[in-house]
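Structure, as structure tokens:
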């Protein structure tokens, strides 16, 4: 039993962890740079000054001229996407998922440079987006590029790509645990030490370094009272409303994208068209422009009148959907936080059992978890942004209900719909692989048909055809030890008197009894064979069995039975 481990581990793990440390540092620097770019372009567009000081477009004094600025920003980014890299389009996370699952985690230097620049221009010119999507793409590019320089495998590149992406998110929001959960729920598509540990270390580095570059503490500090038991019913209502709003936003976004795709106009011009909506919306509600962290804070603390909040949120939703649907560059988390908090503000007068600030917070998490399809991330993210410990139970209940609504109503989330429309399917459920639960010794044929090495080819062929089951490959032995595998086709074309041991091949390819069935399946796929011999040890190579694809299928059959067979174990 000593060979049966809980986790796969090798000597590469400490190496990957060591590389993750500077990636966390570099991604934190990239996050700081992105925030400064947003501030720089906001000051340039709206106040005509060179400054890195944080500012908001809502305080501009340009009048109707301000409506032209988002159009100019969209036009610049459209040109950058066409003549630089079209990978900068979109909100970042779907592009990262596609690179991980279908692009062997390769990203180009162009993306690392152009994504933060384009996002700074879009948000600085009034785009109603957050900075998290662009920094996820930029941090991921840093991790991927470093992995490519070090000539790592695709799996190792994925780990470092995700480490950079989540370190960047940590640097923006100061929520390292939520960033790790985002990796697990959205980006890694596995839960293994080889990927989890480097990602966690990169996020930890970003969390420690962040106070030196960005203001320390929670982004939206909030104090709520402990909820009463009746709050559970209110959480169910809030969860249902959050799930419905999330589904409506997702459907609306892709209807708008479909509309842009029907235009007889090159996609380079689409961000400028989206900028028209942003500019007009900014004239109606200037606070709808830009990232809007100040608005989120006001909604959470209920510092806005209901009528004013409704008008602002309606404009924000429309311009965000139109701008994002146009294919410009920007994130989705901040707008979703704002819209979810607004829903909670609207519902709070009718939801008993909790303090006023509780309902904007839980609806914020509910909408986010439902849209992303990442409930654990949303729960911990909302807590990390506010440090409202009394809200944990309502956060769990509301987000779980909202996520359930998403699962029942929507085939895909906002993160995977765009990928699916390119003909690529992403299955997001995790489970223990049945081939990982079983080992070669449990599935192999322990007394296989073998050929003696000295046996002439003609006699061996006759013996094989006389058996009840004829195989394509047979192990050849010297009586006890493996000589190699012999193909039936080779016997058919060999000289009649040629001994089997001179025809046998692949003596270096074999399985060991303690190997997992998944490792065995991987070796078969790599070699392109359907049967492999099993030896007791690599030194003596004593043959103890043969494993075939049909043997591996038995492991999956047991799993299928667990999923489909209903049993009555009590009451006869």
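The values are calculated or read from the model by the stated rules, or taken from the named source; none is laboratory data. The model shown is predicted, which means the values in this text are computed figures rather than measured ones. Cβ coordinates were reconstructed from backbone atoms using ideal geometry, including for glycine residues, and neighbour counts include every protein chain displayed.
Quick notes
- Pair list, Cβ under 9 Å, 6 or more apart: segment 482-502 residue outside the structural domain of residue 448 (by TED's automatic domain parsing), other residue in a helix (DSSP H, G or I) and surrounded by fewer than 23 Cβ atoms within 10 Å (Cβ to Cβ): none
- Pairs where the first residue, in segment 328-352, is not assigned by TED's automatic domain parsing to the domain that holds residue 118 and the second is modelled with pLDDT of 90 or more and assigned to a loop (DSSP other than H, G, I, E, B), C-beta under 7 Å, 6+ apart: 352/230
- The test for being free of Cβ contacts under 8 Å to residues at least 24 places away in the same chain and within 18 Å of residue 457 (Cβ to Cβ) does not hold for residue 477.
- Residues satisfying the stated conditions in segment 378-396, i.e. assigned to a helix (DSSP H, G or I) and within 19 Å of residue 334 (Cα to Cα): 378, 379, 380, 381, 382, 383, 384, 385, 386, 395
- Taken over segment 385-412, residues that are buried (at least 21 other Cβ atoms within 10 Å of the Cβ) and either in contact with a strand residue (DSSP E or B) (Cβ under 8 Å, 6 or more places away or on another chain) or farther than 12 Å from residue 240 by Cα (or both) amount to 6.
- Failed criterion for residue 235 (all others in (1) closer than 19 Å to residue 379 by Cα; (2) modelled with pLDDT of 90 or more; (3) part of a helix (DSSP H, G or I); (4) outside the structural domain of residue 400 (by TED's automatic domain parsing) hold): (4)
- Set 442, 429: member being outside any strand (DSSP E or B), at pLDDT below 90 and closer than 30 Å to residue 535 by Cα: 442
- Yes/no for residue 49 being modelled with pLDDT of 90 or more and outside any helix (DSSP H, G or I): yes
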